[in-house]
Amino acid sequence: MVARAEAAEATRVRILEAAHRQFADLPYEQVALGDVARHAGVTVQTVLRRFQSKERLFAAVAAWRATSITGERDAVAAGDVAGAIRTLVDSYERWGDEVLHLLAEEQRSPVIHEITESGRRYHHAWVRRVFTPLLRDRPAREVERRLAQLIAVTDVFAWKVLRRDLGLERDEVEASLRDLANRILEAGAPAR
């Protein structure tokens, strides 16, 4: 029984890895279950038996990938600006281009839109958890404005502009985002 369960899990992971590569590299419409199966070393029937459809396979890949991303980001302590930005940039270095690929396709596919919306909700909640403790003693309206600013400067598009469009090195991107976050947090702070 144990050997069978381990073999089934290994097959599941091979399918997820093969599908991940396909979804990361190709437009959603161009991903074929036959190609996923071939790259995973299984039949299309095996893929369908495990995941029922291309949409469910995509959702499973997204959930599998999200576990890595959220696990790293959730380890950041609330109030740790440097750790938050370092972790965020590490995450974008690994996953940023793939996330941008999905964002470019989100209006074409309800399943992709659902995944990207979930990612946005997670990012907003993460920013609130990490940065709200640093905004104590501020009026509620100001806290909301500053959190909105922090959501914007920590978004994958800020990383894209700095890293991909302007060609900054990874450490320069981290320093830039940390500077921006600290300026937002320090602006209008009550005197202590």
Of the criteria (1) on the phi < 0 side of the Ramachandran plot; (2) assigned by TED's automatic domain parsing to the domain that holds HIS113, which one GLY79 fails:
(1)
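Is one or more of the residues making up segment 91-110 part of a helix (DSSP H, G or I), more than 23 Å from ALA63 (Cβ to Cβ) and of a type outside the set (D, E, K, R)?
Kept after step one, since they are part of a helix (DSSP H, G or I), are these residues of segment 91-110: 91-105, 110.
Keeping just the survivors that are more than 23 Å from ALA63 (Cβ to Cβ) gives none.
Scanning segment 91-110, I find no residue that is part of a helix (DSSP H, G or I), more than 23 Å from ALA63 (Cβ to Cβ) and of a type outside the set (D, E, K, R), so the answer is no.
The values are calculated or read from the model by the stated rules, or taken from the named source; none is laboratory data. Model, not experiment: these values are computed from the prediction. Counting neighbours? That spans all protein chains shown, and the Cβs are built from the backbone with ideal geometry, glycine included.
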